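Below is one structure; the comments refer to it alone.
The values are calculated or read from the model by the stated rules, or taken from the named source; none is laboratory data. Every value quoted in this text rests on a predicted model; they were computed, and no experiment measured them. Here Cβ is always computed from backbone atoms with ideal geometry, including for glycine, and neighbour counts include all displayed protein chains.
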Ligand SMILES: CC(C)(COP(=O)(O)OP(=O)(O)OC[C@H]1O[C@@H](n2cnc3c(N)ncnc32)[C@H](O)[C@@H]1OP(=O)(O)O)[C@@H](O)C(=O)NCCC(=O)NCCS
């Protein structure tokens, strides 16, 4: 499958249909991938947040032809690392390299910014093992990421804590670029 991955034009933040399409993809994918972690009705993102990410030039989108098949948010952290997050592949296009290409794109973006390391955070339940998160931990490890620390979710996002259905931590991974 020929994939075209690029940073979404900042002007597309004003394209309500495009913003809604990406928001729906992210929310649908996360509703399934983070089942059991959140209270019913909790959503990963909303249109205003995504529009702000697009306006900041931080949204990578993967297209197969004209169809949106994946997305990733990239940014530069105040601590000097690049970071990627909100990584999603359309369930109808899984296992064909969309995720791997998006991670490669995020790493190339960070290298292009002159950043020495990439960071990602994996939200995991504190007291049990989530199969999707275990798959991701193993995959990121294969891609060269190493766990550097574990942060309690409530420290990072105290206001979102009530929306969790179970106690969670962020496992923070780094990879030298
Ligand atoms: C993570 C995600 C983006 C991967 O997308 P994808 O396009 O299916 O992934 P790829 O086709 O690039 O494959 C990624 C890896 O998974 C493996 N894989 C893919 N499908 C698999 C399957 N059905 N069973 C086992 N392994 C599988 C591939 O072999 C590949 O490993 P490799 O790079 O070591 O060869 C996708 O599963 C997703 O959207 N998950 C939910 C959202 C999420 O949890 N995001 C991450 C938050 S930190």
Mind listing just one residue for me: the one in region 115-141 that is more than 10 Å from the ligand (Cβ to nearest atom) and part of a helix (DSSP H, G or I) and, of those, surrounded by the most Cβ atoms within 10 Å (Cβ to Cβ)? 134
Hits in region 77-112 (condition: under 21 Å from residue 4 (Cβ atoms) and without any contact (Cβ under 8 Å) to a residue 60 or more places away in the chain): 84, 87, 92, 94, 95, 99, 100, 103, 104, 106, 108, 112
Select from region 75-101 the residues that are under 26 Å from residue 161 (Cβ atoms) and away from the ligand (no atom under 13 Å from the Cβ) and list them in ascending order. 75, 77, 78, 79, 81
Can you name the residue in region 147-170 that is touching a helix residue (DSSP H, G or I) at 6+ places or on another chain (Cβ under 9 Å) and assigned to a strand (DSSP E or B) and is also farthest from the ligand (Cβ to nearest atom) among such residues? 164
Would it be correct to say that residue 104 is within 21 Å of residue 9 (Cα to Cα), surrounded by fewer than 15 Cβ atoms within 10 Å (Cβ to Cβ), away from the ligand (no atom under 13 Å from the Cβ) and at pLDDT 95 or above? no
Looking at region 142-174 only, could you name the residues that are closer than 17 Å to residue 107 by Cβ and within 16 Å of the chain's Cα centre (by Cα)? 143, 145, 172, 173, 174
Out of all the residues in region 151-166, is one or more buried (at least 20 other Cβ atoms within 10 Å of the Cβ), under 21 Å from residue 35 (Cα atoms) and touching a residue at least 40 places away in the same chain (Cβ under 8 Å)? no
